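See structure below.
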Amino acid sequence: MLYTLVEINRLALAPMRAAARTSRAMIRAPGNPWRNTEFGKSFAAMADVFESVTRYYGKPEWRIESTRINSVDVPITDTVAWSTPWCNLVHFRKDPRMMSRARKAKAGPMPRLLIVAPLSGHYATLLRGTVEAFLPTHDVYITDWADARLQPVWRGKFDLDDYTDHIRDMLRFLGAGANVLAVCQPGPAVLAAVALMSEDNDPALPATMTFMGSPIDARRSPTVPNVLAEERTFEWFEENMIYTVPAMLPGAGRRVYPGFVQLSSFMNMNWDSHVDANWRFFNHLVDGDGDSARKHREFYDEYLSVLDLTEEFYLQTIDRVFQRHLLPRGEYRHRGRLVDPSAITDVALMTVEGEKDDISGIGQTQAAHDICVNIPLDMQTDYIQPGVGHYGVFNGSRFRTEIAPRVTQFIASFVDKKREKQAARQLELAH
């Protein structure tokens, strides 16, 4: 019922949003005597703020047109390299002609990097800054998960095991020696996928795996979301967080965890800061500070764009990751098969955490080192970034200047070692 009320409210506000846009255009029209008055600028700014906080935010575009490599601007085209109804694997393909100019002194292809975006309410484009930071040094792919409200019920279910299988299938698509980077929520699933591949001697095993702000063991340094998951029963989440997609959407009848519920939770955690941000936005518009207003729009256009999760995926994540903590306890199962992280012996491991992370507390990601007991110590790296919260672990200036270079260096060192091992192995077989 709540989902239907939200959609009805959105439709009911449509005429008011249209009126706000019309009023804004009229006030700012050339020749309007009110245009440059304090009243006119304030009225137009008020209409702008109203329109921005009440409108529907659809799926954002990537808007990555180029990257700079060795002082050469290389055009980028985002293409779908592999897909299922539940996920597109987006490849940021670099223009071959410009790449040959940019890397004429470089030997060998760039390391392949699979960025596994979280399926936790926001679109993969929230990681636009993450992608941009790695484009100059990597051949970048990213998971673009489907919005459950747009998936007809005849498509069937999509659960945490399906999610893990998708990660494994994408690593197979990329081939041996690729690198996988999990941002936040997908950490346990990525670790499970690599553990299963290691136990199966899968030839597509990645060279490295990096976990950033991931709840590998949510018992450590529990944050507000972790405490909530512990305090509430599983049945409470079933009864209060799951809703039916209304008839006006393609996924009508599907049971989902709506994106607007997740967004409301995050907004309420920092309500005062969001109110202050919109007040500053209003003042920037009145003062004609276009750069600051543009930055506000760019952030909230992304932040307010949300997608729905399937009931089964959401509830299994709550149960396995945040309530029973099965992976760090050695009890995590994938389709009935026990996942054994100790099977990982030849995949380098890096963990990254933020000092002020209020979503995945300090130690939750580091736990990967404790459960991957057979990875040699010289193949493990841990880094804590001072002064950043959860978002700063994968985006922002400190990510670009301090975290991304460390991840790049980590990947490069083990990709080179992997190549040396493969070359030695081939030479050995030849003789």
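Identify all residues within the stretch 328-346 that are of a type in the set (A, V, I, L, M) and loosely packed, with under 14 Cβ neighbours inside 10 Å; write none if there are none.
Of the stretch 328-346, the ones of a type in the set (A, V, I, L, M) are 338-339, 343-344.
Of everything in the stretch 328-346, just one residue is of a type in the set (A, V, I, L, M) and loosely packed, with under 14 Cβ neighbours inside 10 Å, namely Leu338.
Restricting attention to the stretch 224-258, which residues are charged (D, E, K, R) and in contact (Cβ under 8 Å) with a residue 40 or more places away in the chain? Please lay out each step first, then the result.
To start, the set of residues in the stretch 224-258 that are charged (D, E, K, R) comprises 230-232, 235, 238-239, 254-255.
Residues satisfying the conditions are Glu230, Glu238, Arg254, Arg255.
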Check on Val261, surrounded by fewer than 19 Cβ atoms within 10 Å (Cβ to Cβ) and modelled with pLDDT under 85
no
Tally, over the stretch 221-244, of residues that are within 22 Å of the chain's Cα centre (by Cα), closer than 19 Å to Leu327 by Cβ and of a type outside the set (Ser, Thr, Tyr)
4
Pair list, Cβ < 8 Å and 6+ apart or interchain, from the stretch 389-400 residues that are of a type in the set (Gly, Ala, Ser) to residues that are not in a loop (DSSP other than H, G, I, E, B):
Gly389/Gly354; Gly392/Gly354; Gly392/Gln385; Gly392/Arg398; Gly392/Phe399; Gly396/Gly129
If you check Pro96, Pro152, which single one turns out to be at pLDDT 95 or above and either on the phi > 0 side of the Ramachandran plot or more than 20 Å from the chain's Cα centre (by Cα) (or both)?
Pro152
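Determine whether Phe313 is under 23 Å from Ala229 (Cα atoms), assigned to a helix (DSSP H, G or I) and not charged (D, E, K, R). Full working, then the answer.
On the way: under 23 Å from Ala229 (Cα atoms): yes; assigned to a helix (DSSP H, G or I): yes; not charged (D, E, K, R): yes.
In short, yes.
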Test set (1) free of Cβ contacts under 8 Å to residues at least 60 places away in the same chain; (2) surrounded by 17 or more Cβ atoms within 10 Å (Cβ to Cβ); (3) not assigned by TED's automatic domain parsing to the domain that holds Leu326 - Arg168 fails condition number
(3)
Residue in the stretch 108-140 that is farthest from the chain's Cα centre (by Cα), counting only those that are of a type in the set (Ser, Thr, Tyr) and assigned to a helix (DSSP H, G or I):
Thr130
Just to check your reading of the model, which residue among Arg101, Arg97 is part of a helix (DSSP H, G or I) and either among the polar types (S, T, N, Q) or in contact (Cβ under 8 Å) with a residue 24 or more places away in the chain (or both)?
Arg101
For the stretch 73-92, check the following and say yes or no: at least one residue is surrounded by fewer than 14 Cβ atoms within 10 Å (Cβ to Cβ), without any contact (Cβ under 8 Å) to a residue 12 or more places away in the chain and either more than 28 Å from Ala182 (Cα to Cα) or touching a Gly at 6+ places or on another chain (Cβ under 6 Å) (or both).
no
Scan (1) in contact with a strand residue (DSSP E or B) (Cβ under 8 Å, 6 or more places away or on another chain); (2) farther than 26 Å from Pro225 by Cβ for the single condition Val393 breaks and write down its number.
(2)
Per-region count, the stretch 31-70, residues free of Cβ contacts under 8 Å to residues at least 12 places away in the same chain and at positive phi:
1
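The values are calculated or read from the model by the stated rules, or taken from the named source; none is laboratory data. Bear in mind that the values here come from a model prediction, so they are computed numbers and not experimental data. Here the Cβ is made from the backbone with ideal geometry for all residues, glycine too, and neighbour counts use every protein chain on show.
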